[in-house]
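Asks: Please see the structure below; I have some questions.
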Amino acid sequence: MLKDFFSKNAKKKKYATIPTAKIKHDVPEGLMSKCPECKHIMYTKELKKNLLVCQSCGYHYPMNSYERINSLLDEGSFIEYDKEMISDNPLNFPGYLEKLEGDRKKTQLNEAVVTGEGTINDFPLVIAVMDSRFRMGSMGSVVGEKITRAIEKAVEKKLPFIIFTASGGARMQEGILSLMQMAKTSVALKRLSENGQLFISVMTHPTTGGVSASFASVGDYNFAEPGALIGFAGRRVIEQTIRQELPEDFQTAEFLFKHGQLDKVIKRSELKETLTKVLKIHAGGRE
Amino acid sequence: MTTELEFERPIRELKDKIAELQSFMKEKDIDLTEEITRLEEKLNNLENETYEHMKPWDRVQIARHAERPTTLDYISYLFTDFIELHGDRLFADDEAIVGGIAMYEDLPVTVIGHQRGKDTKENIRRNFGMPHPEGYRKALRLMKQAEKFNRPVICFLDTKGAYPGMSAEERGQSEAIARNLVEMAGLTVPIVCIVIGEGASGGALGIGVGNHVHMLENSWYSVITPEGAASILWKDATKAKLAAESLKITAPDVKELGIIDEVIEEVKGGAHRDPKEQAERINVVLKASLQELLKLSKEELVEQRYEKYKNMGQFTFVNDSIGVN
């Protein structure tokens, strides 16, 4: 065992020439990129052209909100909603405002979700895309409010609503207000549903906690990207609770699919085509 | 005798001293009445002082008291003809959530609640009141049934959270909770929710989307348990006490944030000291809630719930003053 330890270390040193994306949700910068899964080295330009999917192993890098919107929506069709909305510090939680400010600088985003409307292959829709770079995509008052307003716009304009989730769950620093965003988005989704309107949920890495346990899981269609981590409780918490090793694919999109929780796991390269089909089928419904 | 909590120790010590003096007086035939009266007065002041100025962490301890009345206790005091109904029709019967039909005076109702055990054996059977997906699906089945027969739904919330386990994940814990939130939003009968003990995360909210939501004075309601928050925020579960303070989880704080309607006053020292009296205090608030909600039409009930939750949250705009929604 000791030998293994040394050999692993030695291996690490040997191959550490091009830095792997430090955390998996960091989009690679620089001329060359190394896949965090298979260590394949490729031109960043090529990687971006390939929708941030590793050409060698198919690993799906997390996409940020605008990358996602640009990859799906018809050029120039996107109109953003509520861009200026930012978080307050309702509980006067120490250090919270500084953390928000830091993430705003780092990501150039005002909050962890971007909402708006646009078209996919000429099919109009309202879209919300969460961004895991901002406070791990966690949901506080602003995320809940922006999503709710987007759903209300969909109701008002009689448009389908599609959400891309990427979130660690409810935002701790806003306490019970964060929890209530689960209920808030749900009352809006119920209204959308009662109107017979379409709601598509696409779960991307990661979709956990309060986001998984609210809008992410109740789409008319629940889709996910390959390899995305999706679940209610954190792996560590579960391991501590049941005191046994969990299977390697536990809480991946593939695991959920196997257990009947997803309609389809969709590769990023096929996403636009699949969504277009769904939109087309729904647009052709009988009056 | 009631198990005392850490912060109640000075009260116990003073009570012991009074008892000691009383027996001493009897034994030795010395008149200590004056001394005893003085101490009794002091005890009274100390009790008032202690229970009126409870810290959030003291309340958490009371909310977790082993003898604190549970859902089934309150059902026995508040309703008649209760019949417990079991199973989600899909997988199993989850005993961490109980539910059934009953009469509330002359009004038929559906009652649902988290149920923890009173002792270790019962706690194991009831999984310490931490539901699996089948618990939420049973609750939803009973709510839809209530809707069919036009009965109000009353939910008692008391859980440390939905169970974090492998089987729960496999069977869709997230989906089960999410589904309940959406379906409760659209239920066409009145829903009154009362947090009677612990109210943690989606596990509590999964049966908590109501037209009216109330909390017992010493219960708590939060996005996560204080231990869980401490572990996530500071990687240190022992900072739970600090988390309990920072997260504003007590009934008065949650009311201040506009999340609940009423704080139901508890008997001195906590509900476990007089469950019957506590049930009566719940009864007063529950009755007022139902009287108000029964006047609303189906559409108005759904609309009222929509407006209630739509207004929750606090945010602002770039270069703008703070706006509460």
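Asks: Name the one entry in A:Ser71, A:Ser33 that is in contact with a helix residue (DSSP H, G or I) (Cβ under 8 Å, 6 or more places away or on another chain), at pLDDT below 95 and either open to solvent by less than 20 Å² (accessible area, probe 1.4 Å) or small (Gly, Ala, Ser) (or both).
Replies: A:Ser33
Asks: Right, next: Could we say that A:Thr207 is facing another protein chain (nearest Cβ under 10 Å) and more than 25 Å from B:Lys308 (Cα to Cα) here?
Replies: Yes, satisfied.
Asks: Which of the residues that make up the stretch B:32-53 are touching a helix residue (DSSP H, G or I) at 6+ places or on another chain (Cβ under 7 Å) and either hydroxyl-bearing (Ser, Thr, Tyr) or free of Cβ contacts under 8 Å to residues at least 40 places away in the same chain (or both)?
Replies: B:Leu32, B:Glu35, B:Ile36, B:Leu39, B:Glu40, B:Lys42, B:Leu43, B:Leu46, B:Thr50
Asks: Under the condition of being open to solvent by 20 Å² or more (accessible area, probe 1.4 Å) and aliphatic (A, V, I, L, M), which residue from the stretch A:149-169 is nearest to the other protein chains (Cβ to nearest Cβ)?
Replies: Only one residue fits best here, namely A:Val155.
Asks: Quick one: in the stretch A:233-255, which of the residues that are under 23 Å from B:Ile224 (Cα atoms) and in a helix (DSSP H, G or I) is least open to solvent (accessible area, probe 1.4 Å)?
Replies: Checked the stretch A:233-255; the qualifying residue least open to solvent (accessible area, probe 1.4 Å) is A:Ile238.
Asks: Shifting gears a bit: Out of all the residues in the stretch B:243-254, is one or more in a helix (DSSP H, G or I) and open to solvent by 60 Å² or more (accessible area, probe 1.4 Å)?
Replies: Yes, because at least one residue in the stretch B:243-254 is in a helix (DSSP H, G or I) and open to solvent by 60 Å² or more (accessible area, probe 1.4 Å).
Asks: Hey, any hits in the stretch B:222-235 for a residue that's in contact with a Ser or Thr (Cβ under 7 Å, 6 or more places away or on another chain), more than 11 Å from chain A (Cβ to nearest Cβ) and either closer than 26 Å to A:Ser212 by Cα or modelled with pLDDT under 95 (or both)?
Replies: Checked against the condition, which is being in contact with a Ser or Thr (Cβ under 7 Å, 6 or more places away or on another chain), more than 11 Å from chain A (Cβ to nearest Cβ) and either closer than 26 Å to A:Ser212 by Cα or modelled with pLDDT under 95 (or both), the stretch B:222-235 yields no hits at all.
Asks: Restricting attention to the stretch B:36-57, does a residue exist that is open to solvent by 40 Å² or more (accessible area, probe 1.4 Å), over 18 Å from B:Asn218 (Cβ atoms) and in a loop (DSSP other than H, G, I, E, B)?
Replies: no
Asks: Which numbered condition trips up A:Ala21, out of (1) within 21 Å of the chain's Cα centre (by Cα); (2) modelled with pLDDT of 95 or more?
Replies: Failing condition for A:Ala21: (2).
Asks: Keeping to the stretch B:247-290, report how many residues are among the polar types (S, T, N, Q), under 13 Å from B:Glu217 (Cβ atoms) and more than 14 Å from chain A (Cβ to nearest Cβ).
Replies: Going through the stretch B:247-290 one residue at a time, the tally reaches 1.
Asks: Of A:Ala253, A:Ala216, which residue is at the interface with chain B (Cβ under 9 Å from one of its Cβ atoms) and touching a residue at least 12 places away in the same chain (Cβ under 8 Å)?
Replies: The match here is A:Ala216.
Asks: Consider A:Leu275 carefully, then state whether it is part of a helix (DSSP H, G or I), more than 10 Å from every other protein chain (Cβ to nearest Cβ) and either surrounded by fewer than 16 Cβ atoms within 10 Å (Cβ to Cβ) or modelled with pLDDT of 95 or more (or both).
Replies: So A:Leu275 fits the description; yes.
Asks: Taking the stretch B:133-178 as the search range and keeping residues that are of a type in the set (D, E, K, R) and farther than 27 Å from B:Ile83 by Cα, which one is farthest from the other protein chains (Cβ to nearest Cβ)?
Replies: B:Arg171
Asks: I'm trying to understand the selection: among the residues of the stretch A:102-148, which are within 14 Å of chain B (Cβ to nearest Cβ), outside any strand (DSSP E or B), open to solvent by less than 10 Å² (accessible area, probe 1.4 Å) and free of Cβ contacts under 8 Å to residues at least 40 places away in the same chain?
Replies: A:Glu111, A:Val143
Asks: Looking at (1) more than 8 Å from chain B (Cβ to nearest Cβ); (2) without any contact (Cβ under 8 Å) to a residue 12 or more places away in the chain; (3) crowded, with 24+ Cβ neighbours inside 10 Å, which is the one condition that is false for A:Ile176?
Replies: For A:Ile176, the failing item is (1).
Asks: Please indicate, with yes or no, whether at least one residue in the stretch A:185-192 is over 22 Å from B:Glu256 (Cα atoms), more than 9 Å from chain B (Cβ to nearest Cβ), out of contact with any Pro (no Cβ under 8 Å at 6 or more places or on another chain) and in contact (Cβ under 8 Å) with a residue 40 or more places away in the chain.
Replies: yes
Asks: Shifting gears a bit: For the subset of the stretch A:220-232 comprising residues that are part of a loop (DSSP other than H, G, I, E, B) and open to solvent by less than 10 Å² (accessible area, probe 1.4 Å), which member is farthest from the other protein chains (Cβ to nearest Cβ)?
Replies: A:Glu225
Okay, residues lined up against (1) of a type in the set (Lys, Arg); (2) under 14 Å from the mean Cα position of the chain (by Cα):
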{"site": "B:Lys17", "(1), (2)": "yes, no"}
{"site": "B:Lys26", "(1), (2)": "yes, no"}
{"site": "B:Ile36", "(1), (2)": "no, no"}
{"site": "B:Leu39", "(1), (2)": "no, no"}
{"site": "B:Asn44", "(1), (2)": "no, no"}
{"site": "B:Glu52", "(1), (2)": "no, no"}
{"site": "B:Pro56", "(1), (2)": "no, no"}
{"site": "B:Gln61", "(1), (2)": "no, yes"}
{"site": "B:Arg68", "(1), (2)": "yes, yes"}
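The values are calculated or read from the model by the stated rules, or taken from the named source; none is laboratory data. This is a predicted model, so every value here is computed, not measured. Glycine gets a Cβ as well: all are built from the backbone with ideal geometry, and neighbour counts include every protein chain shown. Keep in mind that these areas ignore ligands, DNA and RNA; they rest on the heavy atoms of the full protein, side chains included. Shrake-Rupley method; radii C 1.70, N 1.55, O 1.52, S 1.80 Å.
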